[in-house]
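A quick write-up on the structure given underneath.
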Amino acid sequence: MSEFGKARQRMVDNQIRTTDVTAYKVLDAFLTVPREKFVPTPMRSLAYSDSDIRISDHRVMTQPSPLAKMLQLAAIKPDDIVLIIASGSGYTAALASRLSNTVVAVEPDETLAQSSESAISDLGYDNVAVISGDPKEGVPSEGPYDVIFIDGAVEEVPQGLLDQLKDGGALVTAEGRDHMAEAVRILRNGEHFSRMSAFDTNAPLLAEFTRTPSFNL
């Protein structure tokens, strides 16, 4: 086993299993997908550290343990069509590809979108489409989706994203800011949406999803 392979095993055993992640398919995805392929080359020695990794001026990769808990909460099934919002370097999209039928990933940073598409293609994950676009808009042309996963924390979820869920589908995200957030799962039932708060989590805030200030005159 390579040194990265050993580090990947330690990540799963010491960081992920110890945070109550028990879903076999989620654990297997983290064991299978080489995280180092989605980290900037100068930082690959940090690929399996239990910390966020900055991948651009405005984006970081979420540390493995909270990401694993969020993916377990999403409960992705093998036949699902999944939308990953703000997909960054593509690591979460690659993990979701091991859990689902099809993944659509949208990323506003064209450089990140291109590098993630290249990494995913090199690994042969041919059920993933990476699109450069506005994460608040999603990709309605490819929906509706069984699962929408926002890869970071938000202050509010746009209704337009919820509208892209299938009936019975779920959106999973972290709501909050400054690394103080709550994991939530929002389930669609017809035109109604129910919200379940799951656990406190640590996720970087996505600038595109900050709440618009309101002014009282």
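The values are calculated or read from the model by the stated rules, or taken from the named source; none is laboratory data. Every value quoted in this text rests on a predicted model; they were computed, and no experiment measured them. Cβ atoms come from the backbone with ideal geometry, glycine included; neighbour counts cover every protein chain shown. Heads up: the accessible areas ignore ligands, DNA and RNA and are worked out on the full protein's heavy atoms, side chains in. Shrake-Rupley method; radii C 1.70, N 1.55, O 1.52, S 1.80 Å.
Beyond 21 Å between alpha-carbons counts as too far, so tell me which of LYS136/LYS166; LYS69/LYS166; LYS6/LYS37 fall in that bin. Correct reply: LYS69/LYS166. Mean sequence separation of contacting Cα pairs (under 8 Å, at least six apart), scaled by the length of the chain, corresponds to a relative contact order of 15 percent.
Under the classification rounded if a/c is under 1.5, otherwise prolate if a/b is larger than b/c and oblate if not, where does the range 47-127 fall, given a ≥ b ≥ c as square roots of the Cα gyration tensor eigenvalues?
Note, shape of the range 47-127 comes out oblate.
In the chain, the convex hull through the Cα atoms has an average projected area of 12.4 nm², a quarter of its surface area.
For the range 127-203, GluC sites (Glu not before Pro) are listed when DSSP marks them as loop and at most 16 other Cβ atoms sit within 10 Å of their Cβ; the list is GLU137, GLU155, GLU156, GLU191.
Give the shape of the range 4-101 as rounded, prolate or oblate, defined through the alpha-carbon gyration tensor: a ≥ b ≥ c are the square roots of its eigenvalues, a/c under 1.5 means rounded, and otherwise the shape is prolate if a/b is larger than b/c and oblate if not. Oblate, since a/c reaches 1.5 and b/c is not below a/b. For the range 112-164, the equivalent ellipsoid built from the Cα gyration tensor has semi-axes of 23, 13, 10 Å, listed from largest to smallest.
Where only protein heavy atoms count, and the probe is 1.4 Å, what is the accessible area per residue for the chain in Å²?
With the other protein chains kept in place, the chain gives 48 Å² per residue.
The string of couplings for the range 120-136 from the Karplus curve (6.51, -1.76, 1.60, θ = phi - 60°) is 5, 5, 4, 7, x, 7, 8, 9, 10, 10, 9, 10, 8, x, 6, x, 5 Hz, one whole number per residue in order, with x for Gly and Pro.
With a 1.4 Å probe and every protein chain kept in, tell me what percent of the accessible surface of the chain is carbon plus sulfur.
The computed percentage sits at 49.
Pairwise alpha-carbon distances in the range 159-202 exceed 14 Å for 47% of all pairs.
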